[in-house]
Amino acid sequence: MTARRVVITDVGPRDGLQNQQKILSVEQRIELVKAIAAAGVPQIEVGSFVSPKAVPAMASTEQVFSGLRCDGFATPTVALIPNMKGYELARDAGAKTVTMVLYGSEGMAQKNASMSMAETEAVTLDILVLAKEDGIKVIATIAVAFTCPFDGSTAQSTVTQLVAKFLEAGADQVVLADTIGAANPQQVRELCAPLVRRHGAEKLGCHFHDTRAMGLANVYAALESGIRRFDSSIAGLGGCPFAPGASGNVATDDIAMMLQQMGYETGIDLNKLMQASDLAQALTGTAPGGRAKAWLQGHLIKQAS
Ligand code: COA
Ligand code: ZN
């Protein structure tokens, strides 16, 4: 990974769709994933293996995996898992990369996974051992790495210890998630810069929600701190049903446009990304769509006239 290369993982088909009133069919979910891939997004979180009672929109994720496989889908995919059962289901569905969730607070660990922080850590260590044998990559995402809606501010030391522990244990990446969109750029810099100095940028990523319109500012602060991996969501889809107040992720539309204009390489074709964004909006009826589309369309019209 060069300093100008930024790797985006679109988490819209998971983080975005899990919070929609309208539940998409397996076929619609596959159509959305393919449209995002067609725009050149290098990695896509296509769903989660969680309790269908807890998150009905993510039921049948194994069918999304099998449908994509049948169609010879080549873009790397990721499945989110909350526990060992999720790992087993993801492995059986043919997932090659899983995102296991760790927590910066006890309140969120209990609400989201019905486990203590220590229990999620122990399960993740077990999953890392199995995943090595199974040839599956593991991304450890630290939820509420900045602020928890139940427990308040997350201590920086809690997060830095988790990052060190799980990189040492063999996680392929560790992602810092601002689950409810409570971080500000100063906090992002204070957390990310020392982590990049200590561990390098290769295995670190950030996941921001745009609840308070600070999403892109936080991306920029992380970028300046050396982070080169970001999660974002097509058309800004999303929110978290278990985290009160959270809105969608930073829109892939906006982060891709900003990075391109700043000279970073993302491999993303903005015109095709806008088509995927249109599809996300048409399928859900609620995706906000980011800010890039109106600008890009206006710009293209001006160029043509
Ligand atoms: N996938 C599918 N089903 C699962 C599962 C998984 N990963 N983990 C547990 N289950 C099932 C159990 O088999 C059980 O099924 P049953 O009622 O038919 O017997 C049921 O879910 C409840 O299991 P239990 O262990 O008692 O868990 P719980 O009710 O305390 O729920 C979670 C815990 C983690 C399974 C549930 O809260 C969940 O899936 N949350 C998803 C959180 C999420 O997606 N957050 C967003 C990403 S951060
Ligand atoms: Zn999220």
Qualifying strands (runs of 3 or more DSSP E) (wholly inside region 163-277; at least 2 residues being more than 16 Å from ligand 1 (Cβ to nearest atom)): 229-232
Pairs where the first residue, in region 43-56, is closer than 23 Å to THR9 by Cα and the second is of a type in the set (Lys, Arg) and modelled with pLDDT of 95 or more, C-beta under 8 Å, 6+ apart: GLU45/ARG14; VAL46/ARG14; VAL46/ARG29; GLY47/ARG14; GLY47/ARG29; SER48/ARG14; PHE49/LYS85
Residues of region 6-57 that turn out to be under 29 Å from GLY263 (Cβ atoms), among the aliphatic types (A, V, I, L, M) and open to solvent by 30 Å² or more (accessible area, probe 1.4 Å), as a count: 1
Region 31-49, residues that are of a type in the set (A, V, I, L, M) and more than 19 Å from ILE81 (Cα to Cα): LEU32, ALA35, ILE36, ALA37, ALA38, ALA39, VAL41
Test result for GLU121, under 20 Å from ALA171 (Cα atoms), open to solvent by less than 40 Å² (accessible area, probe 1.4 Å), among the charged types (D, E, K, R) and within 16 Å of ligand 2 (Cβ to nearest atom): no
Members of region 12-70 found to be modelled with pLDDT under 95 and among the polar types (S, T, N, Q), listed by number: GLN18, ASN19, GLN20, GLN21
Identity of the residue in region 63-75, crowded, with 17+ Cβ neighbours inside 10 Å and over 19 Å from the mean Cα position of the chain (by Cα), that ends up farthest from GLN21 (Cα to Cα): PHE73
Per-region count, region 134-182, residues more than 19 Å from MET214 (Cβ to Cβ), open to solvent by 20 Å² or more (accessible area, probe 1.4 Å) and either within 19 Å of the chain's Cα centre (by Cα) or aliphatic (A, V, I, L, M) (or both): 6
Subset of region 37-57 (residues that are more than 16 Å from ligand 2 (Cβ to nearest atom) and either part of a helix (DSSP H, G or I) or in contact with a Cys (Cβ under 8 Å, 6 or more places away or on another chain) (or both)): ALA37, ALA38, PRO56
Residue in region 76-94 that is out of contact with any strand residue (DSSP E or B) (no Cβ under 6 Å at 6 or more places or on another chain), hydrophobic (A, V, I, L, M, F, W, C), open to solvent by less than 30 Å² (accessible area, probe 1.4 Å) and under 24 Å from VAL6 (Cβ atoms) present: no
Failed item, numbered, when VAL129 is tested on (1) exposed (fewer than 15 other Cβ atoms within 10 Å of the Cβ); (2) within 12 Å of ligand 1 (Cβ to nearest atom); (3) among the β-branched types (Val, Ile, Thr): (2)
Condition check for TYR87: closer than 29 Å to GLN161 by Cβ, of a type in the set (Phe, Trp, Tyr) and within 16 Å of ligand 2 (Cβ to nearest atom): no
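The values are calculated or read from the model by the stated rules, or taken from the named source; none is laboratory data. Keep in mind the model is a prediction, meaning the values are calculated, not measured. All Cβ positions, glycine included, derive from the backbone under ideal geometry; neighbour counts span all protein chains shown. With ligands, DNA and RNA removed, areas are computed over all heavy atoms of the protein, side chains included. Shrake-Rupley method; radii C 1.70, N 1.55, O 1.52, S 1.80 Å.
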